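Every number here is computed from the coordinates shown, using simple stated rules; none is lab data. In this text, all values refer to a predicted model and were calculated from it rather than measured experimentally. Using ideal geometry, Cβ is built from the backbone for each residue, glycine included, and neighbour counts are taken over all protein chains shown.
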Amino acid sequence: MGGSTDGSVGGRRLLLVGTYTPDSDPPGEGEGIYRVWFDPMTGEMADGGAAARTPGPSFLAFREDPPTVYAVNEREKGTVTAFRIDGEAALTELGQAPTGGGSPCHVLARGSELAVTNYANGVAAVYALSGDGLPGEAVAELAHSGSGPVTDRQEGPHAHSAAAPDDRHLLVADLGTDELRVLRGGEQVGTVALPPGTGPRHTAVAGEYLYVAGELDSRVHVLRWNAGTGTAEHLGSVEATGEEAAGENFPAEILTNGDRVHVSNRGADTIATFAVRDGGARLEHVANTPAGGPWPRNFTVVRGHREEPDHLVVAAQNGDSLASLRLDPDTGVPADTGHRLRLPVPVCVLPVPITRIRRRAGEARN
């Protein structure tokens, strides 16, 4: 499942949390990017203060070499900002680049490239990263056209996220056009159609299978990806909460480890657990767990090491808090630890392998 961290037994893990700020669109009361220290044995969290003051860092990504954090700046004229992170979890701003649109809401770092999606105008921007991790001018700014049947949300393209199904392609989930846009080599080379009214938001990848969270139809869609042709087959879908809830529930984040799929449900305010069946081609709803706060937007997995358990850390946007849920090692179903951390409008949780950063820094000094 995406979003694992490393560390020694008993050592605290580092999480970076993105928020909305007074100068972002939409505005919020956050200061920017916060540090949070996570105890992997108990699930307890400690506030490490603001790591960087930057406008509306509503989604974050990490590149290990060199250790770099990327944040979208969600506002009318979007930008993406790069930060160097050191072994003390200090962030130093390196620079920023325009995203070619408004309301950038997702950033993906893959090797030597960076992909940013702009919700407002649907533009997907791809950047080449320099050796020091800085994004230069965009090598591609890919616009799109189309609409969908949910007229108040699908009047035009709304690029919501990018995912990497293989080492050549990117898939841009377009909420406005009910498509996965297929990018290769800085060009859009095709689309994968989803049922009308899906409103695809985020995509989780497990080998040849794709799991897409439909924000508007409150379903999880299963597709089989063909890397050779750059196409995908839609295999079916399941209700994101185990029952029909379209118009009342709005799925957000989706993650998988290949055996289980977890989805955050805004409205139902739960984390849904699905078992992967038929080798990946089918999902079976297992459980709904209270998310620990209202409007659970993004969440991440903190991997246990040796005797440490795995946890989910959930950003409850409308609850101004983070919640930690312990994952059952047999069923994959999360259970509330009871631990909360108050933070203003948290909307993204990024685990950062601070132990590896410290180790590298020590090797460099030697």
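Pop the C-beta distance of Glu233 and Ala361 into the FRET formula with R0 = 56 Å and round what comes out to the nearest 0.05. Provide the component values of the computation, followed by the final result.
Numbers: r = 46 Å, r/R0 = 0.82.
In this case the efficiency is close to 0.75.
Order these by the 10 Å Cβ neighbour count, fewest first: Val238, Val36. Working shown, then result.
Values: Val238 19, Val36 25.
The order, fewest Cβ neighbours first, is Val238, Val36.
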- [ ] Mind giving me the FRET efficiency for Ser130 and Arg153? R0 is 25 Å, r the Cβ-Cβ distance, nearest 0.05 is fine.
- [x] 0.10
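Sort the chain into rounded, prolate or oblate with this rule: let a ≥ b ≥ c be the square roots of the eigenvalues of the Cα gyration tensor; rounded if a/c is under 1.5, and if a/c is not under 1.5, prolate when a/b is larger than b/c, oblate otherwise. Write out the running numbers ahead of the final one.
Values: a/c = 1.41, a/b = 1.11, b/c = 1.27.
Verdict is rounded for the chain.
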Open item on the list: Please rank Ile354, Ile271, fewest neighbouring Cβ atoms within 10 Å first, as an exposure proxy.
Closed with: Ile354, Ile271
Task: Order of Asp178, Asp39 - criterion: other Cβ atoms within 10 Å of each residue's Cβ, fewest first - done: Asp39, Asp178
- [ ] Restrict the search to segment 263-317; then list the trypsin sites (Lys or Arg not before Pro) that DSSP places in a loop and that have at most 16 other Cβ atoms within 10 Å of their Cβ.
- [x] Arg306
Task: Loop GluC sites (Glu not before Pro), segment 87-188, which have at most 16 other Cβ atoms in a 10 Å radius of their Cβ (DSSP) - done: Glu88, Glu155
Open item on the list: What do you get for GluC sites (Glu not before Pro) in segment 16-70 restricted to DSSP loop and a cutoff of at most 14 other Cβ within 10 Å of the site's Cβ?
Closed with: Glu29, Glu64
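Determine the shape class of segment 101-236: with a ≥ b ≥ c the square roots of the Cα gyration tensor eigenvalues, call it rounded for a/c under 1.5, and otherwise prolate if a/b is greater than b/c, oblate otherwise. Don't skip to the answer; put the middle values down first.
Details: a/c = 1.98, a/b = 1.27, b/c = 1.55.
Verdict is oblate for segment 101-236.
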